[in-house]
1. Tell me, what is a quarter of the convex hull surface for the C-alpha atoms of the stretch 113-239, in nm² with one decimal?
2. Identify the chymotrypsin sites (Phe, Trp or Tyr not before Pro) of the stretch 219-294 meeting these criteria: DSSP loop state and at most 14 other C-beta atoms within 10 Å of the C-beta.
3. Determine the distance separating the Cα centre of the stretch 42-104 from the Cα centre of the stretch 229-272; give it in Å without decimals.
4. Taking the Cα centre of the stretch 233-363 as the origin and placing charges on Cβ (Lys, Arg +1; Asp, Glu -1), which of LEU298, LEU341, TRP274 is farthest toward the positive end of the dipole?
5. Report relative contact order for the stretch 36-174 in percent, whole number only (criteria: Cα-Cα under 8 Å, sequence separation at least 6).
6. Given N residues in the stretch 63-181, what is its alpha carbon radius of gyration divided by 2.2 N^0.38 Å?
7. Hey, what D do you get for the stretch 1-88 in µm²/s if you plug the Kirkwood alpha-carbon radius into Stokes-Einstein at 4 °C and 1.567 mPa s?
8. In Å, what is the Rg of the alpha-carbon atoms in the chain, and how long is Dmax?
Amino acid sequence: MEAQFSTDRKKKNIGYMISLVSAAVNGHQPVEPTDDINFGIVYKFLKLHTLANTAFYAVEKLEHKPETELFKKWRDERNMGVHKNMIQTLEFAAFTDALKQNKIEYMPIKGFPLCELYPKPDYRMMSDVDVVVREKDMKKGGEIILGLGYTPVMVGSIHHDEYNKPPFMIIELHHDMVARDSRFFKYYEGIMDRAEKVGDYERKLSDEDFFIFVLVHLNKHFEDSGTGIRSLLDLHLLNEKSLPKLDREYVFSELEKLGLTEFYEKMTAIGRKWFSDEDYSDFSDDEIYIIRSTAFGLDEYEYKNRKGDLSEAAFLKKRLFPSYAWMKDHYPSVRRFPPVLPFAYVYRIFRGLIKNRKKIKTEIEVLNEDKK
């Protein structure tokens, strides 16, 4: 990977983008833009990282603001973030109340606890709301969601079901913390029984275990298709505001057990550089990887990371015929009746040729690039 962006001007715009986010969450007066800062480029990159609403809290403090039309557009993005957070909070309360009424144990994960680390909850835009229930309660949980006016998007596959409700709501109902083919799956088996009880039906990870899960989730995205600036900001705020109150010996012994110590140190160093030292003088390969990944990763990175050091033949075999654990996770019929596995492979290949042509094209380009 290139060790530098293509132009110094692009690097300065990226650095300025991160500086606005840092100023917003730290409550600092933002640095005024120099002549080579293009607010259009800055806004575009912030949108790609779902941080435009966050950065606006710094932008509105500037003496030299963006031109009027862009400023209004940016302000609308912030206002939409406030509105979205309010709707997500109300919808989440309605859903969890319904779970309690039906005597279903549940555990919120990811987004909402992280929002509490920010100056205000709307500083951190959430793409969805994630809730874990026991596998036996997935069907009833789905019926409750449908009864609240949601539409099923994906049901019965991977380790969660997904439902949406315009304009903002996506609920992901999980029966596992991580996918069954994850190297962390065994670690999280039976997590509902180990989680702390809050009232009769809500459960929550201890603060230490939540910290560890954020690292596990960050690592998953980083190794799959990349992760964006917001994930580094989440970790930085956890380090600054949460870690000092935790049982550090337990946290770091668990990270060592999971093989995440080096990853934690690397991500922490980047977060400190960006959001404490506010140093944007140069970007390492890892920093460029994070910046280019945008909020939800890139197909290009996903295929490169999947291939790794595999030969072309070994990679093609892996892509065409994933592991049994992966197939069980993605195809409920295989989980229920294992002998259908060969037919599921055939179905997957033909379905991919019909529905995922663009992704297949990208994957072929990655293979061809490796031959050069």
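1. 8.8
2. none
3. Their Cα centres are 26 Å away from one another.
4. LEU341
5. Relative contact order comes out at 21 percent.
6. 1.23
7. Diffusion coefficient, whole number: 96 µm²/s.
8. For the chain, the Cα radius of gyration and maximum Cα-Cα distance read 21.7, 67 Å.
The values are calculated or read from the model by the stated rules, or taken from the named source; none is laboratory data. Quick caveat: nothing in here was measured; it's all calculated off a predicted structure. Glycine gets a Cβ as well: all are built from the backbone with ideal geometry, and neighbour counts include every protein chain shown. Please note that ligands, DNA and RNA were not included when accessible areas were found on the heavy atoms of the full protein model with its side chains. Shrake-Rupley method; radii C 1.70, N 1.55, O 1.52, S 1.80 Å.
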